[in-house]
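Heads up, the thing below is written out as structure tokens.
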Amino acid sequence: MIFGYASVSKRKHNLTLQINALKNAYYEEISLEKVSGRTLHRIEIDKLLSTLRSGNTFLVFSLDRLGRISKQLVDLLSSLRRKK
């Protein structure tokens with residue numbers, strides 16, 4: 001299954017650019033989130049990550065959508081590797 005994830009850090013920001021890019025990649029399910037990157041537990045990405053299984057594809061418009069600081073990205077990638 002192909003999962004997409006789009007997020008913005010403020011409610012007034014727009015997800016359209018990210019959603020359109022993910023549509024072109026033919027996702028099957030998309031998670032959308034409007035929450036600060038400083039927030040450690042983001043509900044939608046946490047649900048998506050718990051859904052992912054070996055063989056799934058996880059699409060994101062840009063890596064900076066997954067975390068505000070490098071440690072968040074490293075932790076996320078480590079958790080994905082453990083799912084293999």
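In the set Lys47, Lys12, Lys71, which member is assigned to a loop (DSSP other than H, G, I, E, B) and at negative phi?
Selected residue: Lys12, the only one of Lys47, Lys12, Lys71 that is assigned to a loop (DSSP other than H, G, I, E, B) and at negative phi.
Just checking, does region 17-37 include any residue being touching a Gly at 6+ places or on another chain (Cβ under 6 Å), assigned to a strand (DSSP E or B) and surrounded by 11 or more Cβ atoms within 10 Å (Cβ to Cβ)?
yes
Taking region 3-34 on its own, how many of its residues are more than 12 Å from the chain's Cα centre (by Cα) and touching a residue at least 24 places away in the same chain (Cβ under 8 Å)?
The qualifying residues number 8.
Name the residue that is surrounded by the most Cβ atoms within 10 Å (Cβ to Cβ), counting only residues in region 58-68 that are free of Cβ contacts under 8 Å to residues at least 40 places away in the same chain and part of a helix (DSSP H, G or I).
Here the residue is Asp64.
Bear in mind that the values in this text are calculations on the coordinates, not laboratory data. Computed from a prediction, not measured in an experiment: that's the story for all the values here. Every residue, glycine among them, receives a Cβ derived from its backbone with ideal geometry; neighbour counts consider all protein chains shown.
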